[in-house]
1. For the stretch 91-165, with the dipole built from +1 on Lys and Arg beta-carbon atoms and -1 on Asp and Glu ones, taken about the Cα centre, which of Ala152, Ile164, Leu104 lies farthest toward the positive end?
2. Using only DSSP helix segments of four residues or longer, with each worth -39500 (n - 2.57), what per-residue ellipticity at 222 nm results for the chain after dividing by its residue count and rounding to 500?
3. Suppose every K and R has +1 on its Cβ and every D and E has -1 on its Cβ; what is the size of the dipole of the stretch 26-124 about the Cα centre, in Debye to the nearest 20?
4. Work the Kirkwood hydrodynamic radius out for the stretch 76-168: mean of 1/r over every pair of different alpha-carbon atoms, inverted, in Å.
5. Packing-wise, with mean Cβ within 10 Å as the measure, how do 38-51, 201-214 rank, highest first?
6. Sorted by packing (mean other beta-carbon atoms within 10 Å per residue), highest first, where do 13-26, 176-189, 55-68 land?
7. Along its three principal axes, how long is the stretch 258-343 when you only count alpha carbons? Whole Å, largest extent first please.
8. Based on a Kirkwood Rh over C-alpha pairs, give the Stokes-Einstein translational diffusion coefficient of the stretch 123-166 at 37 °C and viscosity 0.692 mPa s in µm²/s.
Amino acid sequence: MTRRRGLLLYANAGLFCDGYILSSIGLALVTLGPRFSLDATATGLVGGATLLGILIGAPVFGHLTDRFGRRLLMILDLVVFVVACVAQIFVAGVWELIALRFVLGLAIGADYPIAGALIAEHAEPARRGAATNSMQVAWFLGAAVAYVAGYALLRTGPESWRWILASPAIFAFAGLLMRASAPESPLWLAARASGELQRASFATIFAPKHRGALAFVSAIWLLQVVPLFAIYTFAPAVLAAFGLGASSPAGSVAITTAFLAGSLLSLPLVESWGRRPLCIAGFAIAALAFGVLVLDNAATVVPCFVAYAIGIGAAAGLELTYPNELFPTPIRASATGFAAAVSRVGAFFGTFGLPWLLARYGIGWIVALACALSLVGLFIALRWAPESRGTTLA
């Protein structure tokens, strides 16, 4: 295994765990909900606590990654994953679980800027887009494994939610062993030696020359993940609302596999098409798929979700490719962390609100809102999406 391939493997170990942790909660709620008699508000808090943790963890630890280096934070990050996942086995009340899910969110939020900066700063310019987009492949692969493992673990009985939520610890521990040998980023070391790190602060990301890029990256990330996280977190409930059984894995696995296929498709397309066309295509397919779903034809439910998953799955890697190419080394992780935090504001409220909206208004309003958000994303992409292919990192 070459050094670069090895780096992709252990850097993406955290993203694999991110996808697993964030996706498995939907299945855990099948037995967790009855166990604690969760109402719509409590269900939203359990599902949204991790996203709230990401909201705080991404900018805080993104900035610390720029201050103290990529390697140290990457190792500490997975230590938290292992401890918090295992601790979920022993919770006795719903607020304990919400607290642990929040802590996991802090660690997940840290992983986006850490892994993204490390991968981008080691990658060759001609392959950097594919390298950073591989993080999304790892995320969706983790989500796919979570669904397969989760449905299998549901058969263990009414306490299956404990094992579903603790199971990511196995993968996090394996990733931790690999990350122990991680090298520090040469670009970060050069920035520290030149004094650039000392001259930059978190406020630097808001400087006039960075403001436009920060607004664009934050906006597309938010508009992509609000529908995505709501669907992923409550996939069984969403499919059930369309008349598909919540106890069957077929629909959830099909959608997750389509997300994974789309992210794999992005690896050649992000270099051959470029960043801008991929961004536009993702939002266009999402808007079309949700638009058809509004018509409420049962025969189109899974095909439309699959089409949406392939389209937005291919474009989602740009959430990490763009900030790592558009910002210089001293603020790269800080900018990525800030954009991730903005996206999770929307994702948190979308995830927290979905059970309430589903109960009060039904699935039609939710799909219409997802279509509207995708149309806004399409407008922004057409108007402002840059082409950063082949950029030399500063």
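Please treat every number below as a calculation from the coordinates, not as lab data. All figures in this text were calculated on a predicted structure; none of them were measured in a lab. Here Cβ is always computed from backbone atoms with ideal geometry, including for glycine, and neighbour counts include all displayed protein chains.
1. Ala152
2. -27500 deg cm²/dmol
3. Details: 5 positive and 7 negative charges, 35 e Å.
My answer is approximately 160 debye.
4. On the way: mean 1/r = 0.0667 Å⁻¹.
With all distinct Cα pairs of the stretch 76-168 included, I get 15.0 Å.
5. Working: 38-51: 21.9, 201-214: 14.4.
Most protected by this proxy first, the peptides run 38-51, 201-214.
6. Working: 13-26: 27.3, 176-189: 16.9, 55-68: 23.6.
Result, highest mean first: 13-26, 55-68, 176-189.
7. Rounded to whole Å, the extents work out to 51, 29, 19 Å.
8. In µm²/s, the coefficient is 266.
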